[in-house]
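Engineer: Attaching a single structure in structure tokens format; questions to follow.
The values are calculated or read from the model by the stated rules, or taken from the named source; none is laboratory data. Given the structure is predicted, the values throughout are model-derived calculations rather than measurements. Using ideal geometry, Cβ is built from the backbone for each residue, glycine included, and neighbour counts are taken over all protein chains shown.
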Ligand code: MSP
């Protein structure tokens, strides 16, 4: 049986979740939900969690006058709470302060040492606490980290280093041949470009007196494991190194590509594990052109948006804003416009229009089966691109665009044939159209399950067939003609109230 293991980045607990984290988690959730439909619930594992060690967290806890663990407990709960509100379907929430994770990391790093991947040396250079990374002069803009707009610290310390250079040629080949898929293409190119330029070896530990909050190196108690080595390992430790591993897909933001596409595979090879099959790099939300981040204080609160638009609409609005894989500037004032045009006037109105016509002209019952060719092929083509976008290119935004094309095309056909007049002049023909439009709506309800489950369920309920639909597999649902004639519709509330 095929399985699917998908992860999000684990989020730093230096502050509460914002819309950027929500975007990454909701995207992965959509993909996880799709695979559950396709492969069965038990064959999908979806992981998210929080990254809790390192200087950045320690500093923040100190500022708040809290013990680091107490502080981590609080912020980690905030993440859990937002994911609960967003009905995120993760199978596990990992915290890097979990006992099991800590012991896994200790074994993992010991393996790196035993397999001769590590050596001791001095690090002398710059460190950005915001990124928790060693940074070079070249990466700075006006002497500051471009992501956090802070000056990096100058550090000189004795560390254990990972011999990345030894593994890079192998990784280069794996990425070039797509044995390790890095998507989208521009991210793959970026990673290959980095390898070409040369990426220095990196520290896997830091001096304890500098960092103070982390996991001790098993063979040298003066050193704490570098937070990134601790963090990346979560993907394997969460599934105890077996069964689910390797991951099928890591969803990550573009700021952490180097860690995931270079450090992580190299560490896995050195420790003797299989590599993840693919990584999808999504873009960044910016606000007025600057990265949205807790450190910069320009965040949009996902719960505020949730209160304003409700769950399904919020998810739709954030996923349809930008191409998945590219950056985009947030224009919150566009949300309301898009809500009204796409959800209320788009999907909601089409649904209402078709059900009303059936109510008035077919005694509210599903008419005889028909297959208006234009509509049937519109649906079958949309399903084809749906699978390709979901399973190959992971363009979950294009799927939404295509579903909305079906909605617009349906509206166009209704106007073209003047369906509201046809029901009076040629009821036979009108009924053929009505059945096919109801089928279109049933298909749309299935297409949106991974994105907007509540709306999908409401549509299926009003289509009179919820019990029947529940028993279907995705493949069964994709066939034309699923609605049974004679069944009474249960037209109810509008799907999206106009704002
Ligand atoms: N803890 C590390 C990741 C370790 S993974 C083994 C980290 N955490 S983070 O909280 O700073 O950011 C994690 C992820 O959140 C980003 O990679 C990205 O997926 C998402 N986002 C954070 N800010 C974002 C935006 N402004 N826009 C879109 N996504 C953003 O890095």
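Engineer: Could you grab the pairs with beta carbons closer than 7 Å, sequence gap of 6+ or different chains, first residue in the stretch 325-350 and outside any helix (DSSP H, G or I), second one at pLDDT 90 or above and surrounded by 16 or more Cβ atoms within 10 Å (Cβ to Cβ)?
Structural biologist: From the stretch 325-350, the pairs are 325/184; 325/281; 325/282; 325/283; 326/283; 327/283; 328/283.
Engineer: Further, regarding this structure: Only one residue in 489, 495, 463 is touching a residue at least 24 places away in the same chain (Cβ under 8 Å) and within 28 Å of the chain's Cα centre (by Cα). Which one?
Structural biologist: 495
Engineer: Among (1) surrounded by fewer than 21 Cβ atoms within 10 Å (Cβ to Cβ); (2) within 15 Å of the ligand (Cβ to nearest atom); (3) under 13 Å from the mean Cα position of the chain (by Cα), which single condition is residue 89 missing?
Structural biologist: Looking at each condition in turn, residue 89 falls short on (2).
Engineer: Still on this structure, I have one more. Any idea how many residues of the stretch 269-305 are more than 13 Å from the ligand (Cβ to nearest atom) and assigned to a helix (DSSP H, G or I)?
Structural biologist: The total comes to 6.
Engineer: May I pose another question? Could you tell me whether the stretch 348-355 includes any residue that is over 33 Å from the mean Cα position of the chain (by Cα) and surrounded by fewer than 18 Cβ atoms within 10 Å (Cβ to Cβ)?
Structural biologist: Checked the stretch 348-355: at least one residue is over 33 Å from the mean Cα position of the chain (by Cα) and surrounded by fewer than 18 Cβ atoms within 10 Å (Cβ to Cβ).
Engineer: Hand me the list of strands (runs of 3 or more DSSP E) wholly inside the stretch 115-184 holding 3 or more residues that are within 16 Å of the ligand (Cβ to nearest atom).
Structural biologist: Once the strands (runs of 3 or more DSSP E) in the stretch 115-184 are filtered for at least 3 residues that are within 16 Å of the ligand (Cβ to nearest atom), what remains is 133-135.
Engineer: Which condition from (1) buried (at least 22 other Cβ atoms within 10 Å of the Cβ); (2) at pLDDT 95 or above; (3) within 11 Å of the ligand (Cβ to nearest atom) is the one that residue 256 breaks?
Structural biologist: The number of the failed condition is (1).
Engineer: Taking residue 231 as the residue in question, decide whether it is touching a residue at least 40 places away in the same chain (Cβ under 8 Å), more than 9 Å from the ligand (Cβ to nearest atom), under 23 Å from the mean Cα position of the chain (by Cα) and buried (at least 23 other Cβ atoms within 10 Å of the Cβ).
Structural biologist: No, not satisfied.
Engineer: Would you confirm, using the coordinates I've provided, whether residue 264 is within 21 Å of residue 119 (Cβ to Cβ) and within 11 Å of the ligand (Cβ to nearest atom)?
Structural biologist: Here the answer is yes, as residue 264 does meet what is asked.
Engineer: Turning to a different aspect of this structure: I'm told residue 19 meets every condition in (1) within 14 Å of the ligand (Cβ to nearest atom); (2) surrounded by fewer than 24 Cβ atoms within 10 Å (Cβ to Cβ); (3) closer than 30 Å to residue 471 by Cα except one. Can you identify the failing condition by its number?
Structural biologist: (3)
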